[in-house]
Amino acid sequence: MPGVRDISADAFIEAYASHLKRSGKLEVPNWVDLVKTATFKEQGPYDPDWFYVRAAAVARHIYLRKSMGIGALAKLHGGRNRRGNRPSHHADASTSVQRKVCQALEKIGVLELLPDGGRRISQDGQRDLDRIATAVVESQKEEADEEEAEEEAEEEE
């Protein structure tokens, strides 16, 4: 059975984000259209569904590791801080955004809080992510089969 590790990150995150949006269970804060995702950014995200994409990326990242804290997620989603004519340095993303994403995923039962701090994937969350990964693999196989059928039809003509 294919898991989250067996497929590309883009395909999984896109599929899981659309699943979260379709289910309607993920509670999106009302400030998502106003906020920047990091202090070094000049503007907020252009994608109106960026919160779902970030939630999917966080869920996948925690799934691939045993547990993870907010600081590590902020470092992961950080980027280059351009400082004018001085050299660029890495800067962390907003910890508030990471915390709100984790709290929203906890409410729907994908993540659970550890007693020593940090979050890990719950059993229900692991089952959910594996199910989405399997669906992505099956859809990729169907697309590949359709392409092969089209190529064979072209060759026969």
Original post:
Build a GNM of the chain with springs between Cα atoms under 10 Å: which of 131, 54, 22 gets the top mean-square fluctuation?
Top reply: 22
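Which FRET efficiency value, to the nearest 0.05, do you get for residue 39 and residue 10 by plugging their Cβ-Cβ distance into 1/(1 + (r/R0)^6) with R0 = 30 Å? Walk me through the numbers before you get to the answer.
Details: r = 26 Å, r/R0 = 0.88.
It comes to 0.70.
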**OP:** Could you tally the net charge around residue 69, taking each other residue with its Cβ under 13 Å from the Cβ of residue 69, Lys/Arg +1 and Asp/Glu -1?
**Re:** +4
Subject >> Euclidean distance of C-alpha centroids, segment 1-53 and segment 80-115, integer Å >> reply: 13
Original post:
What does the charge count near residue 21 come to, summing +1 for each Lys or Arg and -1 for each Asp or Glu among other residues with Cβ under 14 Å from its Cβ?
Top reply: -1
Subject >> Residues of segment 93-133 with amide N under 13 Å of the 7 Å Cα→Cβ point at residue 67 >> reply: 112-122
Original post:
If the cut-off is 14 Å between C-alpha atoms, which aspartates and glutamates fall inside it for residue 75, apart from same-chain ones fewer than 8 positions away?
Top reply: 92
Original post:
Carbon and sulfur atoms: what percent of the 1.4 Å accessible area of segment 1-86 do they account for?
Top reply: 47
Original post:
In bins 10 Å wide, starting from 0, what share of all Cα pairs of segment 1-60 does each bin hold, as a percent?
Top reply: 21, 46, 27, 6, 0
Original post:
List the lysines whose alpha-carbon lies under 21 Å from that of residue 107, not counting same-chain residues fewer than 8 positions away?
Top reply: 21, 25, 66
Original post:
What label, among (1) 27, 18, 14; (2) 32, 22, 15; (3) 31, 18, 16, belongs to semi-axes √(5λ) of the Cα gyration tensor in Å computed from the structure on display?
Top reply: (2)
Subject >> In nm, spacing of pseudo-spin labels at residue 106 and residue 139 (7 Å Cα→C-beta vector) >> reply: 3.0
**OP:** Please sort 57-63, 45-51, 145-151, 73-79 by packing, taking for each peptide the average over its residues of neighbouring beta carbons within 10 angstrom, highest first.
**Re:** 57-63, 73-79, 45-51, 145-151
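Just add up the charged neighbours of residue 90: K/R +1, D/E -1, any other residue whose Cβ is under 11 Å from the Cβ of residue 90. Before the final figure, lay out the partial values.
Working: positive: 75, 80; negative: 92.
Taking every other residue near residue 90 into account, the sum is +1.
Quick one: which of 101-109, 6-14 comes out on top by average Cβ neighbours within 10 Å, and what's the full order, highest first? Before the final figure, lay out the partial values.
On the way: 101-109: 18.3, 6-14: 14.8.
With the highest mean Cβ count within 10 Å placed first, the list reads 101-109, 6-14.
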Original post:
Say each of residue 113 and residue 31 gets a label point 7 Å from the Cα, pointing the same way as Cα to Cβ; how far apart are those two points in nm?
Top reply: 1.9
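The values are calculated or read from the model by the stated rules, or taken from the named source; none is laboratory data. Not measured: the values here are computed from a predicted model. When we count neighbours, we look across all protein chains shown, and the Cβ atoms used for this are built from the backbone with ideal geometry, even at glycine. What goes into the accessible areas is simple: the full protein's heavy atoms, side chains included, and nothing from ligands, DNA or RNA. Shrake-Rupley method; radii C 1.70, N 1.55, O 1.52, S 1.80 Å.
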